[in-house]
1. Amide H neighbours of D149 under 5 Å, counting only residues 5+ apart in sequence or on other chains, H built in-plane at 1.01 Å?
2. Give me the accessible area per residue for the range 168-221, probe 1.4 Å, as a whole number in Å².
3. How large is ³J(HN,Hα) for each residue in the range 247-262, as worked out from phi by the Karplus curve 6.51 cos²θ - 1.76 cosθ + 1.60 (θ = phi - 60°), to whole Hz, x for Gly and Pro?
4. Find the centroid of the Cα atoms in the range 131-157 and in the range 1-69, then give the distance between the two in whole Å.
5. Where only protein heavy atoms count, and the probe is 1.4 Å, what is the accessible area per residue for the range 231-283 in Å²?
6. Keeping all protein chains in the complex and leaving out DNA, RNA and ligands, what accessible area do you get for T277 with a 1.4 Å probe, in Å² to the nearest 10?
7. How much of the accessible area of the chain, probe 1.4 Å, is carbon plus sulfur, in whole percent?
8. GluC sites (Glu not before Pro), restricted to the range 27-130: which are DSSP loop and have at most 16 other Cβ atoms within 10 Å?
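The values are calculated or read from the model by the stated rules, or taken from the named source; none is laboratory data. The model shown is predicted, which means the values in this text are computed figures rather than measured ones. Positions of Cβ are backbone-derived with ideal geometry, glycine not excepted, and every protein chain shown enters the neighbour counts. Each accessible area value is taken on the protein alone, full model and side chains, heavy atoms only, with ligands, DNA and RNA left out. Shrake-Rupley method; radii C 1.70, N 1.55, O 1.52, S 1.80 Å.
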Amino acid sequence: MLDLARLRALHAVSVHGSVAAAAAALGYTPSAVSQQITKLERETRTTLLERRGRGVALTDEARHLATTAEELLSIVERAETTLEERRGQPTGRLVVGAFASSARGLLPGVLAELAELHPTLDIRLREIDPHLSVDLVARGVIDLAVAHDWDIAPLPAPEGVEQAVIGDDLCDVLVPAGHPFAARTRVRREDLPGQRWICQPPGTVCHDWLVRTLRAAGCVPDLAHQAEENHTQLALVAAGLGIAMIPRLGRGPLPEGVRAVALDPVPMRRLYALWRTGAARRPAVTATVETLRRHWPAVATAETQALA
């Protein structure tokens, strides 16, 4: 008899590409995931992982077993959804993936309310880049994702994944206090050429949006500094090293020496909740989506008032 938890560990390694990444997604230690795989190898009398340099690779047998594991996990999800639906109450484990600023600015209040109202619901938050979260939902690695897109880069929703709009997050130009833009109430995109930019690294949604927006304005972007964290970008702006385009959600109070200037037209990203179609009837999913959408207006208003 194959153990479902061990199959889940193998499936996670298949999806994430390494034991460490699988452990992070499952909320376990790498050692615990390795132990599950070792036990599964003994049960199946099959080598499942092979050493490749500093990492591991799945054998052909492991890839076939991981495909079967995905089918079994889908069946288990449908059974759990049916039971939860019959109870009529959100319960069980729900793994939510969210991008960094939503995990900081939106999810704490949402998760706290859900924990208070539904004590039998065990929600686990994972910080995940929106580029990855949709596929992780589709493959059943996480139950629900909070992701975003921009007007020039729509978020794809593959077959079998449903989505609901949470709200719109506005974006400002952040400049040092001594910058010429700092005395203005707003700037146009045509004013942006010639600036030194502080932005996220390539491959992120925000980086791609900035590059495409500047190029559309006839500007070859000078990306002077790249940092993943918004707070690091703000520190670089405060030091007078460039300007940045940063959304309001999760940004927090601006440091001394940084000014927010509106861009005309105002850049905007749209937040979504995404889940698998098979879990659409699950009370835990519907309650979480409803709570996200109910909290958003207050969060958005607070972020706007922080600029005043």
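1. Here the answer is R270, since their amide H atoms fall under 5 Å of that of D149.
2. Working: 2540 Å² over 54 residues.
Counting only protein heavy atoms, the per-residue value for the range 168-221 is 47 Å².
3. Result, ordered by residue: x, 7, 4, x, 6, x, x, 6, x, 4, x, 10, 10, 9, 10, 6 Hz.
4. 24 Å
5. Details: 1960 Å² over 53 residues.
Ligands and nucleic acids excluded, the figure is 37 Å² per residue.
6. 70 Å²
7. Numbers: 7780 of 15040 Å².
After summing per-atom areas, the C and S share lands at 52 percent.
8. On the way: sites: E41, E43, E50, E61, E70, E71, E77, E80, E84, E85, E113, E116, E127; in loops: none.
In loop regions of the range 27-130 (DSSP not H, G, I, E or B), there are no sparsely surrounded GluC sites (Glu not before Pro).
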